[in-house]
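Read-outs throughout are calculated quantities, based only on the coordinates presented, and are distinct from any laboratory measurement. Remember, it's a predicted structure, so these values are computed and weren't measured experimentally. Backbone-built Cβ (ideal geometry, glycine too); neighbour counts: all protein chains shown.
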Amino acid sequence: MEALTYREIRYYLATLMEAGLEASSVNRVLSSLRTYYKFLQREGLHAENPTALVKALKTKKKLPVVVQEDKLDWLLDHESVFTNDFSGQRDRLVIELLFGTGMRLSELIHLTESDINFYEQTVKVLGKRNKERIVPMLRPLRQQIEKYLILKKLENFDNNSLTLVVTNKGKQAYPMFVYLIVTRYLSLITSQQKKSPHVLRHSFATALLNKGADLNAIKELLGHANLVATQVYTHNSVERLKTIYKQAHPKA
């Protein structure tokens, strides 16, 4: 390892590419080598870090996976999809909250009943780094929360949790619990492989962008620290425009 130069390392990474590894996998190998050489330097076992002259490979940007807006509308508008008991209306509320506010899974789990302001029709969300944001609450979501809270109270849970979304035993919902709910209902409307709660967050942002919402407004609603994280949704919008263009233009 002491005799290696950046040329040998670059050649090694090239052989990995020729062997069929993705650029992201090769970059992980490079990252490991960089960390190892930093360790050697820190221990005084090596004077230089040959990986410093090796650039990471460019990787393809993955577009956010979304569910089409009309499919989600069908899911939430069909009365027969969700049962009228506590668990059925709780499941519906999970989908309504994730798609209606764009909140993260962790934010949904820690959402409390006191975070819902029915008078102002807003939801207070505690995001990353304990940063609070206020998200508007549309009438269908407000009505669903009101209906759910009545059913929750009628359950008379002995260990009634202060969190809004709870399990069938009244305990605070946990990540896998919510994940299974989302997967179950999204499977009714889409065959795509990814059906996580984050897909609904992506769908929320993409739907707003397609309807002409300002990118800075979407950034605030999602709780992003900077605009760069929000701009990824513009790629989905461009792809949609390309599809429409190819379908509608006479020269396409």
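Tabulated data for the structure shown
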quantity	calculated
Convex hull of the range 6-53 built on C-alpha atoms - directionally averaged projected area, nm²	3.2
Spatially proximal lysines relative to Lys55 (Cα-Cα < 30 Å; intrachain offsets below 8 disregarded)	Lys38
Ratio Rg/Rh [Cα only; Rh per Kirkwood] for the range 6-105	1.35
Most positive-pole-ward Cα, His224, Thr190, Tyr174, against dipole of the chain from beta carbon charges	His224
Three principal axis lengths of the range 63-108 [C-alpha, angstrom, descending]	36, 25, 13
Distance from the range 129-189 to the range 48-82 (C-alpha centre basis), Å	24
Kirkwood Rh in Å, taken over all unlike Cα pairs in the chain	21.6
Calculated [θ] (222 nm, deg cm²/dmol) that DSSP helices of n ≥ 4 give over the chain, each run adding -39,500 (n - 2.57)	-16500 deg cm²/dmol
